[in-house]
1. Go through (1) free of Cβ contacts under 8 Å to residues at least 24 places away in the same chain; (2) in contact with a strand residue (DSSP E or B) (Cβ under 6 Å, 6 or more places away or on another chain); (3) farther than 20 Å from residue 25 by Cα and name the single condition residue 80 misses.
2. List the pairs whose first member sits in the stretch 6-34 and is farther than 16 Å from residue 115 by Cα, whose second member is open to solvent by 70 Å² or more (accessible area, probe 1.4 Å) and of a type in the set (Lys, Arg), and whose Cβ atoms are under 7 Å apart, counting only residues at least 6 apart or on separate chains?
3. Within the stretch 131-144, is there a residue that is part of a loop (DSSP other than H, G, I, E, B) and either touching a helix residue (DSSP H, G or I) at 6+ places or on another chain (Cβ under 7 Å) or surrounded by 13 or more Cβ atoms within 10 Å (Cβ to Cβ) (or both)?
4. Show me the strands (runs of 3 or more DSSP E) found entirely inside the stretch 74-113 where at least 3 residues are crowded, with 19+ Cβ neighbours inside 10 Å and not aromatic (Phe, Trp, Tyr).
5. Specify which of the listed residues (91, 149) is more than 24 Å from residue 24 (Cβ to Cβ) and either more than 14 Å from the chain's Cα centre (by Cα) or hydrophobic (A, V, I, L, M, F, W, C) (or both).
6. Among the candidates 32, 47, single out the residue that is open to solvent by 30 Å² or more (accessible area, probe 1.4 Å), modelled with pLDDT under 95 and within 28 Å of residue 135 (Cβ to Cβ).
7. Which condition from (1) assigned to a loop (DSSP other than H, G, I, E, B); (2) open to solvent by 80 Å² or more (accessible area, probe 1.4 Å); (3) touching a residue at least 60 places away in the same chain (Cβ under 8 Å) is the one that residue 38 breaks?
8. Please give the number of the condition residue 110 fails out of (1) in contact with a strand residue (DSSP E or B) (Cβ under 7 Å, 6 or more places away or on another chain); (2) under 18 Å from residue 57 (Cβ atoms).
Amino acid sequence: MEAKPTALVVQPGEAGGASLSDGAFELLADGGAVSASRLTLKAGADGAPPHHHKLSHEAFYVLGGTMLFRLGDTLTTVGKGGLVVIPPGLPHVFGAADGQEADVFVVLSPGIERFGYFEQLAAISRGEAQFDSLIPEQDRYDVHFESLPNWRSVT
């Protein structure tokens, strides 16, 4: 007998979460066809460190506030209702725009189980772990770090 497909339903309060030093992360779906999360950032706070994905597309839908993205060598500001879709291989980094808070829904497809990555990233943001602890995990989480110091300005 063939198994019937099932839908994923995440009710309010059921998602896994992690607090950041300057925001919060809520993981709605992890792995499979998509990984989906909601990220809230305080004014001017950075999101993930500069990186690219080898396998996944990453889409950001801004629910509120204003986000700043560096996409390769381009800086762009995206406000409420804006969408950014990043293809595999494109170096990128993001955060809340200066003086603005941000609330963003993020989808990666295909999904790769990344909750361990986000927990570690949250611990790093709170000073409980070192960034170097993520270096050996780049292939596992399809998050490959880039060197983009002072990413908020393009020279």
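1. (3)
2. 21/126; 22/42; 23/42
3. yes
4. 92-96, 102-109
5. Within the list 91, 149, the selection yields 149.
6. Every option except 32 fails the conditions.
7. (1)
8. (1)
The values are calculated or read from the model by the stated rules, or taken from the named source; none is laboratory data. The shown structure was predicted, so the numbers you read here are calculated from the model rather than taken from an experiment. Virtual Cβ from ideal backbone geometry, glycine too; neighbours counted across all protein chains shown. To get the accessible areas, we keep the full protein, side chains included, count just its heavy atoms, and leave off ligands, DNA and RNA. Shrake-Rupley method; radii C 1.70, N 1.55, O 1.52, S 1.80 Å.
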